[in-house]
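Scroll down for the structure; my scribbles are underneath it.
The values are calculated or read from the model by the stated rules, or taken from the named source; none is laboratory data. Note that this is a predicted model, so its numbers are computed, not measured. Ideal geometry is used to build each Cβ from the backbone, glycine not excepted, and the neighbour counts take in all protein chains shown.
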Amino acid sequence: MAGAALERRSLAKLAATIDHYLGALVHYAALPEYVFQLGERAWPIYRHEGQLLARFPGSRHFVAETIGDLRNELADHFKEAGVIGYRKEMSVYNLARRDLQLYAPVCTLRVPGLAETPVFRDKEAIVHLVAPLNGRPVITELADGAGVLELPALVGGYLVAQGRLRDADDVGVRKLSAAGWAAVVRHLHPYTCRFTYSDRSRDGERREIAIYVDEARGKLIAARTNRMGRVSLHFAADVPHLQFKVGEELTEIGKISVPTYVTVNGIEETAHAEYVTARGGSTLAALGV
């Protein structure tokens, strides 16, 4: 119903559930925009007067401007209540208007200081990627995977124009599936060096992160694959700035102690800084080094 499958153990309970959902549809005079799922059960998320609203039976209403903020609020509530152990155990799906089917995010966009924004694809003749930001969707064509490379810069440019971000390249990609990455990497070329680090969560095991060149957009891209097969992408104009971004993420998730522990082809940061100076410096601010 409205994109969500309703199942109960008896006709009486199913009828009561359908009445509840119909009441919500009539109340909001609209279909849900999203659905959040816990295990095998799901509940609708509506947009009303510019706000996203959700209610878990027996709890308070949850309200937020963006789906990223609402997802975090819901997940934190269920984690504190002991319903889930981790945020990732709660899923959010987009209810497509074209076929009333539920679709999982293609990936998420990470923006400093903001909740991660899930990116969904529409099902029109020309498939688009859609990043919902405060009710204003930022859209680009999927273009056989290239849209995943286009969308972060579009979202970054939008946030820079709003004064909420200083550098459009600070928008990164997370949770891209292996299949999605396989489509994206066809538009890239391997770079001549790689990042390396000692993974403190795996007894100091030495690990590598590949770097790619996106010639069409003039960017370098670091692609890190996690143990679940999901890929994170960082974007920058040169190696030093990219190195710092990767270091920040690895520090945040507990892989290294400080961002500078990421090395280039095994070269320590100080040596690499000397290399940058020798080649005429970086095109970016000193913070990138």
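Which residues, taken from the range 253-279, are modelled with pLDDT under 90 and among the charged types (D, E, K, R)? Within the range 253-279, Glu268, Glu269, Glu274, Arg279 qualify. Phe78 meets the conditions (1) in a loop (DSSP other than H, G, I, E, B); (2) farther than 16 Å from Gly156 by Cα in every case but one. The failed one is (1).
Of the residues Ala222, Ala183, which single one is assigned to a strand (DSSP E or B), touching a helix residue (DSSP H, G or I) at 6+ places or on another chain (Cβ under 6 Å) and crowded, with 16+ Cβ neighbours inside 10 Å? Within the list Ala222, Ala183, the selection yields Ala222. Residues in the range 47-58 that are more than 11 Å from Tyr34 (Cβ to Cβ), out of contact with any helix residue (DSSP H, G or I) (no Cβ under 7 Å at 6 or more places or on another chain) and not aromatic (Phe, Trp, Tyr): Glu49, Gly50, Gln51, Arg55, Pro57, Gly58.
Candidates are the residues of the range 32-55 that are within 16 Å of Tyr93 (Cβ to Cβ) and part of a loop (DSSP other than H, G, I, E, B); the one that is nearest to the chain's Cα centre (by Cα) is Glu33. Taken as a whole, the structure places Val160 among residues that are assigned to a helix (DSSP H, G or I) and either without any contact (Cβ under 8 Å) to a residue 12 or more places away in the chain or over 23 Å from Tyr34 (Cβ atoms) (or both).
Looking at the range 198-219, which of its residues are more than 18 Å from Phe244 (Cβ to Cβ) and crowded, with 16+ Cβ neighbours inside 10 Å? The answer is Asp214, and nothing else. Just a yes or no: is a residue in the range 141-153 modelled with pLDDT under 90, in contact with a helix residue (DSSP H, G or I) (Cβ under 6 Å, 6 or more places away or on another chain), surrounded by fewer than 20 Cβ atoms within 10 Å (Cβ to Cβ) and not in a helix (DSSP H, G or I)? Yes, there is a match, as at least one residue in the range 141-153 is modelled with pLDDT under 90, in contact with a helix residue (DSSP H, G or I) (Cβ under 6 Å, 6 or more places away or on another chain), surrounded by fewer than 20 Cβ atoms within 10 Å (Cβ to Cβ) and not in a helix (DSSP H, G or I).
Only residues that are in contact (Cβ under 8 Å) with a residue 12 or more places away in the chain and either of a type in the set (Lys, Arg) or touching a His at 6+ places or on another chain (Cβ under 8 Å) (or both): list them for the range 208-238, please. Residues satisfying the conditions are Tyr212, Val213, Asp214, Glu215, Ala216, Arg217, Lys219, Ile221, Ala222, Arg224, Arg230.
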